[in-house]
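The values are calculated or read from the model by the stated rules, or taken from the named source; none is laboratory data. For clarity, every value in this text was computed on a predicted model and none was experimentally measured. Positions of Cβ are backbone-derived with ideal geometry, glycine not excepted, and every protein chain shown enters the neighbour counts. Ligands, DNA and RNA are stripped out before the accessible areas are found, and what is left, the full protein with its side chains, is counted by its heavy atoms. Shrake-Rupley method; radii C 1.70, N 1.55, O 1.52, S 1.80 Å.
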Amino acid sequence: MAYPHQDPYNWQGPTQQTHFNAPYGAQYSQYQVPNPPVSGFTHSNGNTYQAPVQNDPRCPPINGSIQHQQTVPLQQTPQRAYEVAVPTPSPSANTSNEYTGSPNVPQPAPATPPLDYQLLLLSLAEEYFAAAYDHGSMADIVRRETEMEEYYKLIATGLGCLEAVLGRCKLVPEREAVVRMRYATVLYEETENTMEVEEALSKGISICDRHRFFDLKYDMQHLLARTLFQKNPRAAFKFLDGIAIDAEAYQHIAWVYAFRFLKVSLHLELSSHQDLVAALAQLRGIAAMSNDFGDRTVLAIATNMEALTCLRLSNDAESIEQAQRALASVRSLQLHPKVAELHQLAVLTSYVDLCCQLQNFDPKQALEKYQVMQNALKSVEESHSWTADGSFAIPIPGGRMPSCKSRSGAIRKEEDGSLVLTFNWMPKEDIYTVGYLLSGVAMSHRNMTDGQKSEHMLEEGIRRLDRAVRETSKIPKSITLISTQQRWREEISAYMRLHLAFTYCRRTSWTLARQQQAEIDGALAAMTNPPEPLLLLGAYLEGVICQGTGDISGALSAYQSATLSIHEYRRTLYPSHIHLDISLVSALNTLLIIRTPTHPDHYTLPDLISFVEQLCLRNPNRQIQSAFHLVSATIVESSTILRTKQALQNALGLAKATDNKHLICMVLTFMSWKFFRGVVGEQAEKSARASQTLAQQCKDGLWISVSAGVLGIR
């Protein structure tokens, strides 16, 4: 925190000065040494007045003395330390003891107020931190060792100033708690000294307990939970449960919300299956509590996050239905005045709603939700509620935390006395980036029939992301925040390039796809811990490009690798649905490669197809179901005509339901070859020409050639 220039706890009143416009005899006797001394100076010798060393009770004394030199007139008598000129009295003057002359004593300089070492050190600490953040504002500072060393020198010096204040100065309790909180926050953000952070926070919490500083105490516990999470996540969860119960016992409901939302974010960060289930339970608990207390904004945020967590948990029909029910609850709250003011909530709702339709993929519904998202993004540009860092606050009634005085932290008090709960989210440019990514994915099935709109959206999203990185680098921030934001942007850029590469593969632009793959490989190599979906999609892209360019052995190696193999998926304890979907598609491509009887791995075909059959048919993704029916119809030689027709009919129906023109083209082309090969007739010609028209619409060179060949041999 930034410390104020004036110290309200150690304010010094104005220094009292002795005025010399009174008669001399009325102040001192003729031969008495003045006491108290003039202007606070003690008598040292005939030429010197020595200022007394005032020991500041808040900081240790400083050795040495401050001397003020003043020349004594030559006419000075031994009895006096200074001489005053006495004029000759006139005959009419009063002969009483009262002296009417004006003394000729020089006025002493006003006394210098004592130096406030607390304020000096605290101000210096903030200056060092500000200089470090300004020094580390460039996103590529981590690549320059010299600037990195200078950055941490400034941070260490600022921390040293705070340590000096805490160790050598006597602070009032509230200020000590604030300084300890600031010290622990910088340690947490800039270092890995978790033990020191815990020690500083523990001392601060003890001070807050003794003096009943509830808001400061909860802020420290919030930070302590995040610190514990770095070492032992389960210990952090247990700690959060305990302090949430204590806050609820005091009826500090605002902080109960804060602690529970923190626990949800930590569970989502781990993102394992059991953590997603735990996060879902916490969100439903928050929703129930906020509904009981009538906090509609908290209820809307919790319900929206519940829908998003359901989508991350699974892609089955039940999870999608639960997410849609949660979104329906959010829409029912949109007429509430406080909820309607939250533009961030409207954007988040449109994102989650579109993701629901992409999971189930109803083309008509996906286009409608795409338009809703576009309208929500238009409000972002018009809204003035977006901050530079993307954080936003939702209002909470003041009765949820009556004693709150803090102007910072998870729960803060506004100038009008209302309470707000603060959330960290994305700035405007990152909001637009996610919008471009979702738009490109939603329009990918119509890319070639809609003027390559999906490609243009993804390319524009990548350009805007690069521009946002350059503009954000000019804003002073800590290296920790820059690194976190940079990692997220590198990941989102890799996702956009992956979808763009697959879009190029759809129209057989293998050179462009290879260029994007090189960019993706470089990004993955630079990441310390790349996300699992990026690794899976990157490996699958390698197999697709190899298969499309004729490198069958390279494609089979990619599909049967440990990353994509369906057999490796079975050995995973809690596999994600993304892992399952990509492994299934890799297995289907493997079946197409080894279906030839002369292939060395052809003997594994029956076992593989029987294994993936139920997994594909039970999969909620209808495009995977359609692909399996098509593959099974082409590779099972011993099946009857009736079973083949049934498989092709199922594949065609599911492909039409998802508006997948590539699958429709493949089904019609195989159907023409299988049933109308060498047959002359109107029906045969219609089937062949329909497949060729679809291939031309998709601009797929391979299937244009295949459909033309089928049309020529009918």
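Comparing Cα centroids, the stretch 179-211 and the stretch 311-331 end up 40 angstrom apart. Remark: spin-label model distance Arg570-Ser206 equals 5.9 nm, labels positioned 7 Å along the Cα→Cβ axis. Can you bin the stretch 467-533 into rounded, prolate or oblate? Criterion: square roots of the alpha carbon gyration tensor eigenvalues sorted a ≥ b ≥ c, rounded for a/c under 1.5, prolate for a/b above b/c, oblate for the rest. Since a/c reaches 1.5 and a/b is larger than b/c, the shape of the stretch 467-533 is classed as prolate.
Taking 31 Å as the limit for the C-alpha separation, the pairs Lys203/Lys405; Lys378/Lys405; Lys378/Lys699; Lys338/Lys428 exceed it in the case of Lys378/Lys405; Lys378/Lys699.
Considering only protein heavy atoms and a probe of 1.4 Å, how much of the accessible area of the stretch 622-714 is carbon and sulfur, as a whole percent? Could the numbers behind the result be given before it?
Details: 2610 of 4610 Å².
The C+S portion of the solvent-accessible surface of the stretch 622-714 is 57 percent.
Give, in whole angstrom and from largest to smallest, the semi-axes √(5λ) of the equivalent ellipsoid of the stretch 115-263, with λ running over the eigenvalues of the Cα gyration tensor. Please report the intermediate quantities before stating the final value.
On the way: eigenvalues 169, 90, 28 Å².
For the stretch 115-263, the ellipsoid semi-axes come out as 29, 21, 12 Å.
For the set Thr480, Thr112, Thr511, Thr634, the ranking by accessible area, highest first and with no ligand, DNA or RNA atoms included, is Thr112, Thr511, Thr480, Thr634 under a 1.4 Å probe.
The residue among Val679, His662, Asn650 whose Cα reaches farthest toward the positive pole of the charge dipole of the stretch 644-686, with charges on the beta-carbon of Lys, Arg, Asp and Glu, is Asn650.
For the stretch 370-475, which GluC sites (Glu not before Pro) pass both filters: DSSP loop (anything but H, G, I, E, B) and at most 14 other C-beta atoms within 10 Å? Could you put the intermediate results ahead of the total?
Values: sites: Glu381, Glu382, Glu414, Glu415, Glu429, Glu455, Glu459, Glu460, Glu471; in loops: Glu414, Glu415.
Answer in residue order: Glu414, Glu415.
Can you put Val612, Val178 in order of accessible area, largest first, using a 1.4 Å probe?
Values: Val612 0, Val178 30 Å².
So, going from the largest accessible area down, we get Val178, Val612.
Counting only heavy atoms of the protein chains and using a 1.4 Å probe, Met666 has close to 50 Å² of accessible surface.
If you take all other residues with their beta carbon under 12 Å from the beta carbon of His579, and give Lys and Arg +1 and Asp and Glu -1, the sum is -1. Does the stretch 191-266 come out rounded, prolate or oblate, given a ≥ b ≥ c as the square roots of the eigenvalues of its C-alpha gyration tensor, rounded meaning a/c under 1.5 and, failing that, prolate meaning a/b above b/c? It is oblate, given that a/c is not under 1.5 and a/b is not larger than b/c.
Give the calculated FRET efficiency between Ala340 and Gln515 to the nearest 0.05, with a Förster radius of 41 Å applied to their Cβ-Cβ distance. About 0.35, to the nearest 0.05.
Candidate cross-link partners of Lys369 among the aspartates and glutamates, defined by an alpha-carbon separation under 15 Å and a same-chain spacing of 8 or more, comprise Asp353.
With a 1.4 Å probe and all protein chains in place, put Leu642, Leu536 in order of accessible area, largest first.
Working: Leu642 130, Leu536 5 Å².
My answer, sorted largest first, is Leu642, Leu536.
Restricting the calculation to Cα atoms, every distinct pair contributes to the Kirkwood radius of the stretch 626-714, found to be 12.9 Å. Heavy-atom accessible area for Tyr152, with the other protein chains in place and a 1.4 Å probe, reaches approximately 90 Å².
If you wrap the stretch 228-268's Cα atoms in a convex hull and average its projection over all directions, what's the area in nm²?
On the way: hull surface 10.0 nm².
Its Cα hull, projected and averaged over all orientations, spans 2.5 nm².
Among the trypsin sites (Lys or Arg not before Pro) in the stretch 567-670, which ones are in a DSSP loop with at most 16 other Cβ atoms within 10 Å of the Cβ? Mind listing them? Walk me through the numbers on the way to the answer.
On the way: sites: Arg570, Arg571, Arg595, Arg618, Arg622, Arg643, Lys645, Lys656, Lys661; in loops: Arg571, Arg595, Arg618.
Answer by residue number: Arg571, Arg595, Arg618.
Apolar share of the accessible surface for the stretch 494-619: 54 percent from carbon plus sulfur atoms, 1.4 Å probe.
Heavy-atom accessible surface of the stretch 347-394, averaged per residue, reaches 45 Å², computed with a 1.4 Å probe.
Here's the list of lysines a cross-link from Lys263 could span, going by alpha-carbon distance under 20 Å and ignoring same-chain residues fewer than 8 apart: Lys217, Lys231, Lys238.
Restrict the search to the stretch 198-228; then list the trypsin sites (Lys or Arg not before Pro) that DSSP places in a loop and that have at most 14 other Cβ atoms within 10 Å of their Cβ. Spell out each step's value before the answer.
Numbers: sites: Lys203, Arg210, Arg212, Lys217, Arg226; in loops: Arg212.
Sites meeting the loop and neighbour criteria: Arg212.
So if we plug the beta-carbon distance of Phe675 and Lys364 into 1/(1 + (r/R0)^6) with R0 = 35 Å, what FRET efficiency do we get, rounded to 0.05? Before the final figure, lay out each step's value.
Numbers: r = 31 Å, r/R0 = 0.88.
The formula returns an efficiency of 0.70 here.
Here the Kirkwood formula puts the hydrodynamic radius of the stretch 297-343 at 10.9 Å, using every distinct Cα pair. Taking the Cα atoms of the stretch 248-342, the ratio Rg/Rh between the radius of gyration and the Kirkwood radius comes to 0.98. Note on the stretch 381-524: dipole from Cβ charges, positive end direction compared against Ser454, Leu481, Met426; the farthest Cα belongs to Leu481.
Full extension of the chain segment joining Gln452 with Thr640 gains 63.6 nm, where the gain is 0.36 nm per residue of separation less the Cα-Cα distance. In the complete set of protein chains, residue-level accessible area for Leu299 is approximately 20 Å², probe 1.4 angstrom. Karplus-based coupling profile of the stretch 683-690, in residue order and whole Hz: 5, 5, 5, 4, 5, 5, 5, 5, with θ = phi - 60° in 6.51 cos²θ - 1.76 cosθ + 1.60 and x standing for Gly or Pro.
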